[in-house]
Amino acid sequence: GCKYAVVETSSEGILQYRHRFIDYDIAVFTNLTPEHIERHGSFEKYREAKLKLFQKAAAKKSGIGIYNLDDENVEFFLKYPIGKKYGYTLSPSAPSLAGRENLEYILEVKNIQLSSRGTRFEANNVILETKLLGRFNVYNMAAAICVAISQGVETQTVKEALVKLRSAPGRLEMVETGQNFTVIVDYSYEATSLENALKAVSIFNPDQIIVVFGSAGGGRDKWRRPVMG
């Protein structure tokens, strides 16, 4: 009875051709930051691997592309002639939105209110609320909303779903054992995600944030350790 499957398609998976026999209907571009450079050899080659997913979606007449219009790498992903393109932005007045006439739909997110209890924002004049924390999660939700819109999901259904959302284990996960201070676990595996996590938790007590920081073992991505530190 399953109608939809959401698949995180990694650059490593693409490098090993694991995506070749999956019939993707939609390709989503969330953002791009340096990662797995030791595997690909350079950021440009890492980006090339990611682009292959959009090549695949463009080969299908009914293919749909979803794009974060605020990411500086978005132009590389927009170049493929995918059937329908949906964009989202948290900066509706940004000059980067110029020349977007070929987009089927643009989701404009504004009036973002972040707190330690959750997030409230406006998306195309609809007020949405969620318990998820941080501006980066607003970007993730905007991507999900665009996917929902592309599939004809009603706005009311989207509103109800966002209210019910809970963070995945290990992703800005609160640890509650009766202590009189806040503990949060987050799997921030590269510099940008660690920065986003710290920005999100600064809502709780910006005067004192203690970070216990570890890195991947086995010699993986050694280059990012000093950057993250």
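Scan the stretch 100-152 for residues that are among the hydrophobic types (A, V, I, L, M, F, W, C), surrounded by 14 or more Cβ atoms within 10 Å (Cβ to Cβ) and over 18 Å from the mean Cα position of the chain (by Cα) and report the count.
Total satisfying the criteria: 1.
Are there any pairs with C-beta distances below 8 angstrom linking a residue in the stretch 202-229 that is open to solvent by 80 Å² or more (accessible area, probe 1.4 Å) to a residue that is charged (D, E, K, R), with the two at least 6 apart or on different chains, and if so which?
That search, which allows pairs on different chains as well, returns Arg220/Glu38; Lys222/Glu38; Trp223/Glu38.
If you take just the strands (runs of 3 or more DSSP E) that sit entirely in the stretch 95-204, which of them hold at least 2 residues that are under 26 Å from Val74 (Cβ atoms)?
105-115, 118-123, 126-130
Being surrounded by 15 or more Cβ atoms within 10 Å (Cβ to Cβ), modelled with pLDDT under 90 and either under 20 Å from the mean Cα position of the chain (by Cα) or within 30 Å of Met228 (Cα to Cα) (or both) narrows it down to one of Leu97, Leu69, so name that one.
Leu97
Restricting to the stretch 35-56, count the residues that are open to solvent by 60 Å² or more (accessible area, probe 1.4 Å) and touching a helix residue (DSSP H, G or I) at 6+ places or on another chain (Cβ under 6 Å).
Residues in the stretch 35-56 being open to solvent by 60 Å² or more (accessible area, probe 1.4 Å) and touching a helix residue (DSSP H, G or I) at 6+ places or on another chain (Cβ under 6 Å): 1 in total.
The values are calculated or read from the model by the stated rules, or taken from the named source; none is laboratory data. Since the structure is predicted, the reported quantities are computational estimates derived from the model, not experimental observations. Note that each Cβ is placed from the backbone with ideal geometry, even for glycine, and that neighbours are counted across all protein chains shown. Protein only, heavy atoms only, side chains kept; ligands, DNA and RNA dropped before computing areas. Shrake-Rupley method; radii C 1.70, N 1.55, O 1.52, S 1.80 Å.
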